[in-house]
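Down below is the structure, laid out as structure tokens.
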């Protein structure tokens, strides 16, 4: 059977673990070549080694801190040169600050903005010409349902960072959709190291939170989140653009 994603190239930030790694595996299963980017290159190398062992695919690990916007031009140029093309961009890296507004650190907020919406915007700008060069492509940005919580106390700063990403996604979808580039946001709930750390930090809140998931389970990074992203990048989803899609077992009501 023909595989429409075979030989495409995906640039994935935060691909050394968790959701980013799960997306990498699901895309690699369909023949996509993976460029895994992260601050800890050893984790990204493990992702690429697993891609080769499990799927016989190709890929590369790149060490970059996407919060350092001065590195992003070099990152995209290096990534594009590896295989001569880019087809998919996944903006997954995150820096989270949880706490009350009075306790919030402006410095940490600025860091979160750089890693989140600022890096997302800059990487979309840099990758867009490469997507045009291959006739179009897909951008997948990661956000959160934190802004839709019934009580957003303690999550205002984190939610603000993620809502900015949703706004950028919608703008890119409108501006570039006619050029063959589809841009969508996913809001995942998955068994990731980040979720595990949060649950350990706030065990009572985490226990109550988990009970609000209608499907009564937390998503798997690869089979629940990654597989959906792979489908979203496939021709079967060619009419999906500019959407925020909650992958959370029915927990969030996006309205």
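The values are calculated or read from the model by the stated rules, or taken from the named source; none is laboratory data. Everything quoted here is computed from the prediction, not taken from an experiment. Because the Cβ atoms are built from the backbone with ideal geometry, glycine has one as well, and the counts that use them run over all protein chains shown.
Here is the figure for the range 4-29: residues that are surrounded by fewer than 24 Cβ atoms within 10 Å (Cβ to Cβ) and within 15 Å of residue 61 (Cα to Cα) total 2. Checked against the criterion of being under 24 Å from residue 110 (Cα atoms) and crowded, with 24+ Cβ neighbours inside 10 Å, the range 32-42 has at least one qualifying residue.
Residue check: is residue 133 modelled with pLDDT of 95 or more and surrounded by fewer than 17 Cβ atoms within 10 Å (Cβ to Cβ)? It is true that residue 133 is modelled with pLDDT of 95 or more and surrounded by fewer than 17 Cβ atoms within 10 Å (Cβ to Cβ).
Residue 26 falls short of the stated requirement of being in contact (Cβ under 8 Å) with a residue 24 or more places away in the chain, closer than 20 Å to residue 142 by Cβ, in contact with a helix residue (DSSP H, G or I) (Cβ under 6 Å, 6 or more places away or on another chain) and not in a helix (DSSP H, G or I).
Would you mind finding the one in 235, 203 that is touching a residue at least 60 places away in the same chain (Cβ under 8 Å) and surrounded by fewer than 21 Cβ atoms within 10 Å (Cβ to Cβ)? After applying the criteria, what remains is 235. Across the range 53-82, the number of residues qualifying as closer than 22 Å to residue 4 by Cβ and either surrounded by fewer than 15 Cβ atoms within 10 Å (Cβ to Cβ) or free of Cβ contacts under 8 Å to residues at least 12 places away in the same chain (or both) comes to 2. Against the criterion of being over 19 Å from residue 162 (Cα atoms), at pLDDT 95 or above and either out of contact with any strand residue (DSSP E or B) (no Cβ under 9 Å at 6 or more places or on another chain) or buried (at least 18 other Cβ atoms within 10 Å of the Cβ) (or both), residue 85 does not qualify.
When the range 60-84 is filtered for residues that are under 25 Å from residue 169 (Cβ atoms) and touching a helix residue (DSSP H, G or I) at 6+ places or on another chain (Cβ under 7 Å), the ones remaining, listed by number, are 62, 64, 65, 66, 67, 69, 72, 73, 76, 80.
Considering every residue within the range 92-100, establish whether at least one is touching a residue at least 40 places away in the same chain (Cβ under 8 Å) and in a helix (DSSP H, G or I). Checked against the condition, which is being touching a residue at least 40 places away in the same chain (Cβ under 8 Å) and in a helix (DSSP H, G or I), the range 92-100 yields no hits at all. Residues in the range 136-159 that are buried (at least 20 other Cβ atoms within 10 Å of the Cβ) and part of a helix (DSSP H, G or I): 146, 157, 158. Residue count for the range 218-232 satisfying the condition of being touching a strand residue (DSSP E or B) at 6+ places or on another chain (Cβ under 9 Å), under 16 Å from residue 89 (Cα atoms) and without any contact (Cβ under 8 Å) to a residue 40 or more places away in the chain: 0. Looking at the range 127-139, can you tell me whether even one residue there is without any contact (Cβ under 8 Å) to a residue 12 or more places away in the chain and either within 19 Å of the chain's Cα centre (by Cα) or closer than 27 Å to residue 180 by Cα (or both)? For the range 127-139, residues without any contact (Cβ under 8 Å) to a residue 12 or more places away in the chain and either within 19 Å of the chain's Cα centre (by Cα) or closer than 27 Å to residue 180 by Cα (or both): present.
If I filter the range 103-112 for residues that are buried (at least 20 other Cβ atoms within 10 Å of the Cβ), part of a loop (DSSP other than H, G, I, E, B), on the phi < 0 side of the Ramachandran plot and out of contact with any strand residue (DSSP E or B) (no Cβ under 7 Å at 6 or more places or on another chain), do I get at least one hit? For the range 103-112, residues buried (at least 20 other Cβ atoms within 10 Å of the Cβ), part of a loop (DSSP other than H, G, I, E, B), on the phi < 0 side of the Ramachandran plot and out of contact with any strand residue (DSSP E or B) (no Cβ under 7 Å at 6 or more places or on another chain): absent.
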